[in-house]
Amino acid sequence: MGFFERSPRPDPPHPRREPRLEGELTPENLARVFAGCVDYNRRSVAVGGNEALRCELIFLAGMVRMERVSDYVLRPLAQDGELGRLGEAVAWEKMRSGALYSLSVTERTTLDEAAMDLIEGNCLLIFPGKERALSFNTGTEEKRGVADPENEVSVKGPRDSFVENLRTNTSLVRRHLKAPELKITEQVVGRQSLTPVDLLWVEGIADPETVAELEKRVKKIDIDALLATGNLEEYIVDRLDTVFPMVQYTERPDRFCYGLCQGRVGVLVEGLPLGYLAPGVIGDFLHAPQDRSENWMVASALTVLRWLCLLVTLYLPGVYVAMVNFHPEMIPTRLALSIMAARRDVPFSALFETLLLLLAFEVLQEAGLRLPQSIGQTVSILGGLVVGSAAVEARLISPAVLVVVAAAGIAGYTMPSQDLAAGLRLWRFLLSVLGGLAGLFGVVVGTVALVGHLAGLESFGVAYLTPFAVNAGERVGSRSLLRQPLPKDKLRPGYLNTENRRKQG
């Protein structure tokens with residue numbers, strides 16, 4: 001065996017055991033669990049001023065609001081002389097039943113439960129020698145305030161958006177959707193992060209099978225930490241071998257609540273300022289939040305425009321390369337002569353310069369996203385000047401390719417869903433290559449492959465190509481593609497298999 005070679009080791013066991021912490025619930029064991037933690041605090045308090053009757057107050061600094069601990073727990077505990085005159089057992093029952101000024105109090109008997117309550121922001125009261133504790137809700141609500149949505153701009157509608165705090169997000173949903181039929185269940189995901197995940201649906205509307213299936217998928221997630229969107233999305237979608245989004249997400253509570261009223265099932269995650277809606281089909285990703293705030297004819301026209309832009313961003317570079325290389329007769333004569341004159345001194349083929357410019361477009365977009373906003377705008381401007389005018393003047397690319405790629409890129413920005421736009425950009429590369437290698441025949445082959453791929457996708461039993469597919473024997477094309485006047489839109493989508501399809505009289 002060489003010096004740097006190591007013998008293979010078996011896979012280690014998962015880092016979390018059940019139960020996580022072993023031992024009795026005592027102040028000493030809690031101190032051992034949080035050993036080396038500077039925020040761990042423990043204080044001995046004389047109950048009612050009686051030095052003979054003392055208890056331990058334990059909390060984590062930063063997780064509790066100090067004023068609540070001092071005013072609602074510590075002050076009545078130390079100043080209530082009646083508690084000090086009672087025996088330990090009677091004083092315990094008095095504190096558990098409301099002698100201290102806390103809205104929520106829970107009795108804990110295991111070390112696991114007590115440690116989790118400390119992390120959640122509770123404070124604990126423990127009598128020495130007793131293997132139980134009283135847990136008081138004194139957590140702090142420090143969080144980012146509710147602000148305007150950044151990625152889904154509200155032109156004519158509510159301006160609140162989800163934040164990173166789960167309870168704030170559920171309260172936003174409750175404020176928009178006050179129906180008592182709104183159900184919220186919670187599961188904890190992540191062996192180390194212990195992240196709460198809430199499922200929301202409207203009872204009597206949502207399909208119970210979809211609710212049960214989503215609950216089952218969330219329950220099966222067994223990872224160390226749920227900290228990013230991909231930690232959830234890739235575990236609940238039907239297929240991973242696709243670049244297209246399978247569940248819809250939004251940062252706007254009004255859009256989230258509309259999805260619940262339509263019969264979808266929502267998912268909210270602690271730490272993520274957005275909500276998921278399932279099932280998700282391709283038609284959902286072409287509808288913008290403000291469509292229901294616009295006039296129905298304007299909204300329908302904009303929806304058609306987005307579908308046309310989808311075709312432009314997907315096919316324009318590939319069709320251009322195919323026509324220049326294989327089908328010049330399809331180009332009008334004067335335009336063909338202009339393109340040939342512009343390409344006379346360009347050393348690269350049409351396919352190579354198109355792929356080069358598409359790649360440069362992606363690099364500029366990525367640089368603009370990753371840099372600070374002020375620097376990113378400068379990089380975008382400078383990059384556009386260098387890649388655009390300088391490259392054309394240097395005869396590295398032709399003006400026609402620059403116009404084609406710029407038009408395809410701008411058309412892609414009309415997509416309301418950035419996940420859908422990213423998937424279209426990848427397929428745009430593939431169609432450009434096929435168009436450069438086999439002309440329009442290659443573009444057609446790529447189209448057949450794309451349609452076949454999309455036709456094979458399902459989201460929780462719903463065909464992904466809705467509104468063009470048939471679900472449960474119903475075709476919903478025109479009613480879903482074009483927005484109907486709201487007084488005439490009386491039924492929920494049939495493909496969601498809702499328990500009650502009628503949504504208005």
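General remarks:
- Total residues in the range 410-455, condition crowded, with 21+ Cβ neighbours inside 10 Å, in contact with a Ser or Thr (Cβ under 8 Å, 6 or more places away or on another chain) and of a type in the set (Gly, Ala, Ser): 4
- Hits in the range 456-466 (condition: at negative phi and open to solvent by 50 Å² or more (accessible area, probe 1.4 Å)): Glu458
- First in the range 285-309 and among the aliphatic types (A, V, I, L, M), second anywhere and in a helix (DSSP H, G or I), Cβ under 6 Å, 6 or more apart: Leu286/Arg306; Ala299/Asp291
Residue by residue, here is whether (1) modelled with pLDDT under 95; (2) surrounded by fewer than 21 Cβ atoms within 10 Å (Cβ to Cβ); (3) under 19 Å from Thr229 (Cα atoms) holds:
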{"site": "Pro245", "(1), (2), (3)": "yes, no, yes"}
{"site": "Cys257", "(1), (2), (3)": "yes, no, no"}
{"site": "Leu260", "(1), (2), (3)": "yes, no, no"}
{"site": "Leu272", "(1), (2), (3)": "yes, no, yes"}
{"site": "Pro279", "(1), (2), (3)": "yes, no, yes"}
{"site": "His287", "(1), (2), (3)": "yes, yes, no"}
{"site": "Leu302", "(1), (2), (3)": "yes, yes, no"}
{"site": "Arg306", "(1), (2), (3)": "yes, yes, no"}
{"site": "Pro317", "(1), (2), (3)": "yes, no, no"}
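- Filtering the range 481-494 to residues that are closer than 14 Å to Ile205 by Cβ and not basic (Lys, Arg) leaves Leu491, Pro493, Gly494.
- Test: Ala322 is open to solvent by less than 40 Å² (accessible area, probe 1.4 Å), under 23 Å from the mean Cα position of the chain (by Cα), over 24 Å from Pro485 (Cα atoms) and aliphatic (A, V, I, L, M): no
- Glu82 being over 24 Å from Glu141 (Cα atoms) and at pLDDT 80 or above: no
- Here Ala212 meets each of (1) in contact with a Gly (Cβ under 6 Å, 6 or more places away or on another chain); (2) modelled with pLDDT of 90 or more; (3) of a type in the set (A, V, I, L, M, F, W, C); (4) surrounded by fewer than 20 Cβ atoms within 10 Å (Cβ to Cβ) with one exception, condition (1).
- Exclusive hit being among the basic types (Lys, Arg), open to solvent by 60 Å² or more (accessible area, probe 1.4 Å) and over 21 Å from Gln418 (Cβ atoms), set Arg343, Arg334: Arg334
- Comparison of Glu120, Glu142, Glu93, Glu113 shows that the only residue that is of a type in the set (Asp, Glu) and over 30 Å from Glu270 (Cβ atoms) is Glu93.
- Among the residues of the range 104-119, those identified as touching a strand residue (DSSP E or B) at 6+ places or on another chain (Cβ under 6 Å) and either of a type in the set (A, V, I, L, M) or outside any strand (DSSP E or B) (or both) are Ser104, Val105, Ala114, Asp117, Leu118.
- Within the range 48-59, tally of residues that are modelled with pLDDT under 85 and under 13 Å from Val73 (Cα atoms): 1
- For first residues located in the range 44-58 and under 17 Å from Arg132 (Cα atoms) and open to solvent by 50 Å² or more (accessible area, probe 1.4 Å), partners that are small (Gly, Ala, Ser) and not in a loop (DSSP other than H, G, I, E, B) and lie 6+ apart or on another chain with Cβ distances below 6 Å form the pairs Arg54/Ser44; Arg54/Ala46.
- Candidate set: the range 144-187, residues that are open to solvent by 50 Å² or more (accessible area, probe 1.4 Å), at pLDDT below 90 and among the hydrophobic types (A, V, I, L, M, F, W, C); chosen: the one farthest from the chain's Cα centre (by Cα): Val155
- Any chance Leu351 is touching a Leu at 6+ places or on another chain (Cβ under 8 Å), surrounded by 13 or more Cβ atoms within 10 Å (Cβ to Cβ) and either at pLDDT 75 or above or not polar (S, T, N, Q) (or both): yes
- Positions within the range 168-220 being under 20 Å from Glu270 (Cβ atoms) and of a type in the set (Asp, Glu), in sequence order: Glu186, Asp198, Glu215
The values are calculated or read from the model by the stated rules, or taken from the named source; none is laboratory data. On a predicted model such as this, the values are computed, not experimentally measured, just so you know. FYI the Cβ positions are ideal-geometry reconstructions off the backbone, even for glycines, and counts take in every protein chain you see. Heavy atoms of the whole protein, side chains included, go into the accessibility calculation; ligands, DNA and RNA do not. Shrake-Rupley method; radii C 1.70, N 1.55, O 1.52, S 1.80 Å.
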